[in-house]
Amino acid sequence: MEQTDNKATNNAKKALDSVATDEFLRSPNGWETIKMMAQSMEDRYGKFFESNKTYFKSIALATEFENKEIQLLRYAMYGYIRDSKADEFRKGLVYFEQSNKPEHKIDAAMYQVEWIAAHGTEKEFVSLTEKLRKGLLKDEDEKLSFIARRNANAKGDVAKPAILKQCYILAKQAAEINPSSYSNQGTLADICIALNKKEGSRQSGRSCERLG
């Protein structure tokens, strides 16, 4: 059944591709197609959107245009991090940093952490996350817990001592902000085990049991 659905989807996409000429895409109906089909800046519809932003901005609802622009940029940012494309990454980061929306500034902070975790030093990671946990992310328990979880056991290996210690600080703060979160308590328990903090792991483990 799934193979049949996939085949039907692929056939529909091929049919759409065959009629979606540049002339068609550069029209109100084409914008509706791009909203639905553009998934990254590398696919045909995403590339066309990027090359014709001025036109689409002139015909699209402002919120719909922004949503598509952000969707494509978010996808691209992880590619920039993975491929160590510093210039492209910085340009994307500026977009989020200069936004008036608090959630976009938080996105920028999370991208910075991802970049430093991939390409920076232990000292840079500690410095950045220390600044964020006391500032922009001080009330964002899910973000703090995510950073801790992602970096305490990076790529299946226990993090280096300085990173692991900082992840413990982040995870502990997240659990203090929202102690009823199973994810927060579970992350803290796992890091406590890695650090051989038996009492902390037992306390978080008990919390997980109660929440579960």
For this session: Calculate the spin-label point distance for Ile70 paired with Lys53, positioning each point 7 Å from the Cα along the beta-carbon direction, and give it in nanometres.
Result: 1.6 nm
For this session: Any chance you could run the full-extension gain for Ala62 through Lys91? It's 0.36 nm times the residue separation minus the Cα-Cα distance, nm to one decimal.
Result: 8.3 nm
Problem set entry | Peptides ranked, highest mean first, by Cβ atoms within 10 Å: ranges 131-137, 81-87 | 131-137, 81-87
For this session: Using packing as a proxy for protection, rank 28-39, 102-113 so that the peptide with the highest average count of other Cβ atoms within 10 Å comes first.
Result: 102-113, 28-39
Exercise. Separation of the range 123-196 and the range 19-76 by C-alpha centroid, Å?
Worked result: 37 Å
Exercise. For the residue pair Glu23 and Lys165, what label-to-label distance in nm results when each label sits 7 Å from Cα along the Cα-to-beta-carbon direction?
Worked result: 6.8 nm
Seminar exercise, completed: Here the gain from full extension of Asn196 to Val158, 0.36 nm per residue of separation minus their alpha-carbon distance, amounts to 12.4 nm
For this session: Let me know the shape class of the range 70-116, please: from the alpha-carbon gyration tensor, a ≥ b ≥ c as square roots of the eigenvalues, rounded when a/c is under 1.5, otherwise prolate if a/b is greater than b/c, or oblate.
Result: prolate
Problem set entry | Extension gain from Ala118 to Ile106, taking 0.36 nm per residue of separation minus the Cα-Cα distance | 2.5 nm
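Read the figures in this text as sums done on the coordinates, not as results from a lab. This one's a predicted model, so the numbers in the text were calculated from it and none came from an experiment. Every residue, glycine among them, receives a Cβ derived from its backbone with ideal geometry; neighbour counts consider all protein chains shown.
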